[in-house]
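> Before I ask anything, here is the structure I am working with.
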Amino acid sequence: MQKVPIRGSLYFLFFFLSLIPASGQNAGKKVTIVTPVSAHARITFGVEKLKQALTRAGYQTTVLKGTSPAGNQQIVIGQWSDAVVKPLASRYALRAAPGAGKESFTLRKDAQKPLLIAGFDASGALYGCLEVADQINKTGKLPETIAMNDRPEMVLRGTAVGIQKPVYLPGREVYEYPYTPETFPWLYDKALWIKYLDAMAENRYNSLYLWNGHPFASLVRLKDYPYAVEVDESTFKKNEEMFRFLTAEADKRGIWVIQMFYNIIVSKPFAEKHHIKTQDRNRPITPLIADYTRKSIAAFVQKYPNVGLLITLGEAMEGVGQDDVDWFTKTIIPGVKDGLKALGQTTEPPIVLRAHDSDAPRVMKAAKPLYKNLYTMAKYNGEALTTYTPRGKWAELHRTLSNIGTVHVENVHILANLEPFRYGSPDFIQKSVQAMHKVYGANGLHLYPQASYWDWPYTADKTAPRLLQLDRDWIWYKTWARYAWNSERDRSNEVTYWRNQLASQYGLPADKGKDVLEAYEQTGEISPKLLRRYGITDGNRQTLTLGMLMPQLINPFRYGLFTLLYESEAPEGEMIIEYAEKESKHEKHIGETPVQIADEVVEHGRRAVAAIDQAAGAVTKNKDEFGRLKNDIYALNAMANFYAQKARAALAVLKFKYSTDIRDLEKAVPLLESSVDHFTELVKLTKDNYLYANSMQTKQRKIPMRGVDGTYKTWEEMLPVYQKELTRFRFVIDSLKSAPPAAAKQPVFFRPATVAIQSPNVTTYSVEKGKRVFSDTTVAIEEVAPELKNLKGLQLAKAQQQQERTSLTFTASEPVKLLVGFFTEKNPNYLPAPELETDASANDYGQSEIKISNALLLKGFPPVNVHAYSFKAGTHTLNLGKGACLLLGFVDGNQAIPVFDAAGVTSDTAGNKKNIDWLFE
Ligand code: ADA
């Protein structure tokens, strides 16, 4: 797999096809297929598909190997270099077209002459066969004449399957899912794999990524670490058999299987034996785990030399830094090389490096001299679909990786803002693929499932039996694949193409097919626009379709706003809070505004509903599925209206923040009421139709509500929250009207807890104004939220925190919470706050949420946000990363830590100025 020098779009040299109307008169007509004597498995597979199409059209087929063609009802198939191809190619005066490359093919047939299917390679010949089979299926006959060259634009066109679950396995951490039939019955279902692989081939995908934390201990046994295997003997055998089957069947269809894994995770039995954790975000590389991983990779490559590897250096490994470089160049690449050496093979399997939570350009620089078959990958729009006009810092990173000279692959990652509704807007997707090329310089696609990634192979629809994603989301796979093959297709032809696809799907006349397309394209704008203008994050800690709380709209920083969403994954524009601030100052608005989006999504919803209603009466096929699609369109319309009204209400409320005029608040009431009404409608539409909104049902889920124990995953559970918000709001307005603002709420002081600290040796300080927070500087507290005043902070040396990770070992006789202060600025000098977008373990101690925003101010430092880490009684070692932070002391574990913004209590300089969240909570 090398980079193809010329893009497919330029390569469309000529294509014409003369079709004589299908006569249905093929019965008894004989066709001879001629293939090379020893044809590649891909060619044999292509011939099989072609034969099936011919038989369906009434032809009698015979396959001959290596015989020269005679007569016109012949199809000659092979690579340009094959002996069977050469004579016919020279009869047509053809050879591989200039610039033809991997996976390219040529089809040629003149009237009364044989049909030539010539591939640059076996994949090309396969695609040639599939193209002819498609033509026969469409027209009912073999074309009389054909002249066509084609090849894909993107080098890698892949889909992902997560061998993961919506919840953690008992006693396990994130991503740790051994391959067993109990956990993944579908993984051993060969018929399902064949169906999936056939659909991939039909869409011309050429790579299948399997995602898992640590697959090796389910697939290989190591001489030096035999105890690391984490499945029983019979499962181990089943896994070997399943993997062999899958890779062989994939290869026939021109598909590379690529195994993904996270670093550094070790198997559970291995961890137990060596008394280490299976994963530890802040663990440095040790010789033991390096050796174990290197040997695991070597054994894997030796056993499955045709399987590629997708590497995630981030997440379970110390953040961005030299460790990433070392791990990739001293453990992973040598592991692959050891495996090749043991095999006596030199063909390097592809290694794809993810730019996730690591400095991929730096790692690639070190790795390029060591290994040739390298690729890079980064998330297209984070863990969502938000825009086809990406820009900013994130676009820069993509371009940097594309410019390295290896192929850069776009990862359409978890679609956290689309779940669980159907999505299939050809227009949005075509433009996205164009942006991948033009803005990012990329030349590969890696596509996640459209929804329910963690629940593969099922969708969230409440049906019996459950629907398969592969069936329900056919249009998702088809659209991306079509544009990955060629993104520069003419829009008006595309409208015709998709109109016909949808008409045939639902047994509709063409014009009604167009209505369905319209419904898809109108709704296709709603979730992207909403998230990029109102959202907190592009990550899967937010489920957009469940709505957002009012404080999340009016005070997003309190919820760990992921600013990249606005800066890179949205067109230039304003957030709700920015818009309101500008309004108050009578400043000019720039770019896409929240007000504009409110209007636009309502209009998209209206048009989509009208379009789907127009088609509904004419449906003759797949009626149940059409009913579900229609329901989704209605649901998206209700959701669009919910957000529009709530955003408008938020703007009115923010106006009050500046005006302090209660009339501004009163204007928000009917808007908020109406948003709750639309949400009630959404509940009605989803209650009997969906099992859940989001497939990740773990503690990482945060927005709109925490997902502890699988709660708050349906609209029904959210409705009372929104109703309560409204009730509180009405009540507060009444109180404000009838009485002057009540005296400030009395702070609830935290109850300090006593623990025995084993290391390091520290002195403590009272968390009060004037006290020094570090042992090596004179920096003292300028302002602090009074709630903290009884706590004993731990004085650490700032310089040391910046050089080494902060580690604390202590014993608690009762459950405790440790309050940690993070500086609110991204800067290598400061310890980064827990970030679920790049660290799925960031909530292991319940620490991901900001408890007290702007809790503390130090001179010359950014404001400090407080997070809380929970511990049971016992001895613990907490490893934080490198960078300055404040350990503000231990609190009684039974005391609930309220979530609030102390801005205004501390000072106006503390970031968000006046806080009005109390209007709603
Ligand atoms: C985030 C996300 C995870 C996973 C990860 C990744 O941490 O929350 O679910 O998708 O990124 O591998 O990109």
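The values are calculated or read from the model by the stated rules, or taken from the named source; none is laboratory data. All of these numbers come straight from a predicted model, not from anything done at the bench. Cβ: placed from backbone, ideal geometry, glycine included. Neighbour counts: every protein chain shown.
> Kindly indicate whether Pro349 is touching a strand residue (DSSP E or B) at 6+ places or on another chain (Cβ under 8 Å) and either outside any helix (DSSP H, G or I) or assigned by TED's automatic domain parsing to the domain that holds Glu835 (or both).
Judged against the criteria, Pro349 is a match.
> I need the full set of residues from region 652-670 which are free of Cβ contacts under 8 Å to residues at least 60 places away in the same chain and either over 12 Å from Ile554 (Cβ atoms) or of a type in the set (Phe, Trp, Tyr) (or both), in order please.
The answer is Thr660, Asp661, Arg663, Asp664, Lys667, Pro670.
Residue-by-condition table, conditions (1) away from the ligand (no atom under 15 Å from the Cβ); (2) under 28 Å from Gln450 (Cα atoms); (3) crowded, with 24+ Cβ neighbours inside 10 Å:
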{"site": "Asp326", "(1), (2), (3)": "yes, no, no"}
{"site": "Asp338", "(1), (2), (3)": "yes, no, no"}
{"site": "Lys341", "(1), (2), (3)": "yes, no, no"}
{"site": "Leu397", "(1), (2), (3)": "no, yes, no"}
{"site": "Gly405", "(1), (2), (3)": "yes, no, no"}
{"site": "Val409", "(1), (2), (3)": "no, yes, yes"}
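> What do you reckon, is Pro369 in a loop (DSSP other than H, G, I, E, B), out of contact with any strand residue (DSSP E or B) (no Cβ under 8 Å at 6 or more places or on another chain) and of a type outside the set (Ser, Thr, Tyr)?
yes
> Hey, can you tell me all the residues within region 812-826 that are touching a residue at least 12 places away in the same chain (Cβ under 8 Å) and outside any strand (DSSP E or B)?
If the condition is that a residue be touching a residue at least 12 places away in the same chain (Cβ under 8 Å) and outside any strand (DSSP E or B), then Ser813, Glu814, Pro815, Thr824, Glu825 are the ones that fit.
> Out of (1) surrounded by fewer than 18 Cβ atoms within 10 Å (Cβ to Cβ); (2) touching a helix residue (DSSP H, G or I) at 6+ places or on another chain (Cβ under 9 Å); (3) assigned to a loop (DSSP other than H, G, I, E, B); (4) among the aliphatic types (A, V, I, L, M), the odd one out for Val495 is which?
Among (1) surrounded by fewer than 18 Cβ atoms within 10 Å (Cβ to Cβ); (2) touching a helix residue (DSSP H, G or I) at 6+ places or on another chain (Cβ under 9 Å); (3) assigned to a loop (DSSP other than H, G, I, E, B); (4) among the aliphatic types (A, V, I, L, M), the lone unmet condition for Val495 is (3).
> With respect to Ser853, determine if the residue is assigned to a strand (DSSP E or B), out of contact with any His (no Cβ under 7 Å at 6 or more places or on another chain) and surrounded by 21 or more Cβ atoms within 10 Å (Cβ to Cβ).
Considered against the rule, which asks whether it is assigned to a strand (DSSP E or B), out of contact with any His (no Cβ under 7 Å at 6 or more places or on another chain) and surrounded by 21 or more Cβ atoms within 10 Å (Cβ to Cβ), Ser853 comes out as yes.
> Being in a helix (DSSP H, G or I) and on the phi > 0 side of the Ramachandran plot is the filter; apply it to region 709-730 and report the residue that is modelled with the highest pLDDT.
Once the filter is applied, the top-ranked residue is Gly710.
> Of everything in region 73-104, what is among the polar types (S, T, N, Q) and outside any loop (DSSP other than H, G, I, E, B)? Give them in sequence order.
If the condition is that a residue be among the polar types (S, T, N, Q) and outside any loop (DSSP other than H, G, I, E, B), then Gln74, Gln79, Ser90 are the ones that fit.
> Still on this structure, please answer the following. Find the residue count for region 297-315, including only residues that are within 16 Å of the ligand (Cβ to nearest atom) and small (Gly, Ala, Ser).
Total satisfying the criteria: 1.
> Of everything in region 159-179, what is touching a helix residue (DSSP H, G or I) at 6+ places or on another chain (Cβ under 9 Å) and not hydroxyl-bearing (Ser, Thr, Tyr)? Give them in sequence order.
Listed by number, the residues that qualify are Ala160, Val161, Gly162, Ile163, Gln164, Lys165, Pro166, Val167, Gly171, Arg172, Glu176, Pro178.
For every residue, the table says whether it meets (1) hydrophobic (A, V, I, L, M, F, W, C); (2) within 27 Å of the chain's Cα centre (by Cα); (3) closer than 17 Å to Val412 by Cβ.
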residue: Ile475; (1), (2), (3): yes, yes, yes
residue: Arg482; (1), (2), (3): no, yes, yes
residue: Trp485; (1), (2), (3): yes, yes, yes
residue: Ser492; (1), (2), (3): no, no, no
residue: Val495; (1), (2), (3): yes, no, no
residue: Asn500; (1), (2), (3): no, no, no
residue: Pro509; (1), (2), (3): no, no, no
residue: Ala519; (1), (2), (3): yes, yes, no
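> From Thr811, Thr838, which residue is closer than 25 Å to Gly560 by Cα and among the hydroxyl-bearing types (Ser, Thr, Tyr)?
So the residue among Thr811, Thr838 that is closer than 25 Å to Gly560 by Cα and among the hydroxyl-bearing types (Ser, Thr, Tyr) is Thr838.
> Mind counting the residues in region 132-152 that are over 30 Å from Asn212 (Cβ atoms) and outside any strand (DSSP E or B)?
14
> Every residue in region 564-577 that is out of contact with any strand residue (DSSP E or B) (no Cβ under 6 Å at 6 or more places or on another chain) and within 25 Å of Glu396 (Cα to Cα), please.
Within region 564-577, Leu564, Leu565, Tyr566, Glu567, Ser568, Ala570, Glu572, Glu574, Met575 qualify.
> Filter region 607-627 down to the residues that are more than 13 Å from Lys512 (Cα to Cα) and among the acidic types (Asp, Glu), then identify the one that is surrounded by the most Cβ atoms within 10 Å (Cβ to Cβ).
Across region 607-627, the extreme among qualifying residues is Glu625.
> From the list Glu787, Glu768, Glu783, which residue is in a helix (DSSP H, G or I) and within 16 Å of Ile852 (Cβ to Cβ)?
Criteria check complete, one pass: Glu787.
> Could you tell me which residue of region 164-213 is surrounded by the fewest Cβ atoms within 10 Å (Cβ to Cβ), considering only residues that are closer than 20 Å to Ser695 by Cα and among the charged types (D, E, K, R)?
Only one residue tops the list, namely Glu182.
For (1) in contact with a helix residue (DSSP H, G or I) (Cβ under 7 Å, 6 or more places away or on another chain); (2) surrounded by 16 or more Cβ atoms within 10 Å (Cβ to Cβ), each residue gets a yes or a no:
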| residue | (1), (2) |
| --- | --- |
| Met696 | yes, yes |
| Ser738 | no, no |
| Pro747 | yes, no |
| Gly770 | no, no |
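Condition check ((1) buried (at least 22 other Cβ atoms within 10 Å of the Cβ); (2) under 21 Å from Glu202 (Cα atoms); (3) of a type in the set (A, V, I, L, M, F, W, C)) across all residues:
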{"position": "Asn417", "(1), (2), (3)": "yes, no, no"}
{"position": "Val439", "(1), (2), (3)": "no, no, yes"}
{"position": "Gln450", "(1), (2), (3)": "yes, yes, no"}
{"position": "Leu468", "(1), (2), (3)": "no, yes, yes"}
{"position": "Ile475", "(1), (2), (3)": "yes, yes, yes"}
{"position": "Ala484", "(1), (2), (3)": "yes, yes, yes"}
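> In addition: With the checklist (1) within 16 Å of the ligand (Cβ to nearest atom); (2) modelled with pLDDT of 95 or more in hand, flag the one item Leu836 doesn't pass.
If we test Leu836 against (1) within 16 Å of the ligand (Cβ to nearest atom); (2) modelled with pLDDT of 95 or more, just (2) comes out false.
> Something else: Any idea which residue in region 537-560 is modelled with the lowest pLDDT, counting only those that are within 16 Å of the ligand (Cβ to nearest atom) and not in a helix (DSSP H, G or I)?
So, considering only residues that are within 16 Å of the ligand (Cβ to nearest atom) and not in a helix (DSSP H, G or I), the one modelled with the lowest pLDDT is Gly560.
> What single numbered condition from (1) hydroxyl-bearing (Ser, Thr, Tyr); (2) in contact with a Pro (Cβ under 6 Å, 6 or more places away or on another chain); (3) more than 20 Å from Asn381 (Cβ to Cβ) fails to hold for Thr479?
Here Thr479 clears every test but (3).
> Then there is this: Among the residues of region 343-382, how many are within 15 Å of the ligand (Cβ to nearest atom) and touching a Pro at 6+ places or on another chain (Cβ under 9 Å)?
Result for region 343-382: 4.
> So which residues in region 95-129 are surrounded by fewer than 24 Cβ atoms within 10 Å (Cβ to Cβ), among the aliphatic types (A, V, I, L, M) and at pLDDT 95 or above?
Those that are surrounded by fewer than 24 Cβ atoms within 10 Å (Cβ to Cβ), among the aliphatic types (A, V, I, L, M) and at pLDDT 95 or above: Leu107, Ala122.
> Moving on. Being in a loop (DSSP other than H, G, I, E, B), within 16 Å of the ligand (Cβ to nearest atom), in contact (Cβ under 8 Å) with a residue 12 or more places away in the chain and closer than 20 Å to Glu572 by Cα is the requirement here; does Leu385 meet it?
yes
> Looking only at region 219-234, count how many residues are surrounded by 11 or more Cβ atoms within 10 Å (Cβ to Cβ) and either in a helix (DSSP H, G or I) or touching a strand residue (DSSP E or B) at 6+ places or on another chain (Cβ under 9 Å) (or both).
Final tally of qualifying residues: 3.
> Which residue pairs have Cβ atoms closer than 6 Å, lie 6 or more positions apart in sequence or on different chains, and pair a first residue in region 830-851 that is of a type in the set (Gly, Ala, Ser) with a second residue that is more than 14 Å from the ligand (Cβ to nearest atom)?
Pairs that qualify, where the first residue is of a type in the set (Gly, Ala, Ser) and the partner is more than 14 Å from the ligand (Cβ to nearest atom), are Ala833/Phe822; Gly846/Ser870.
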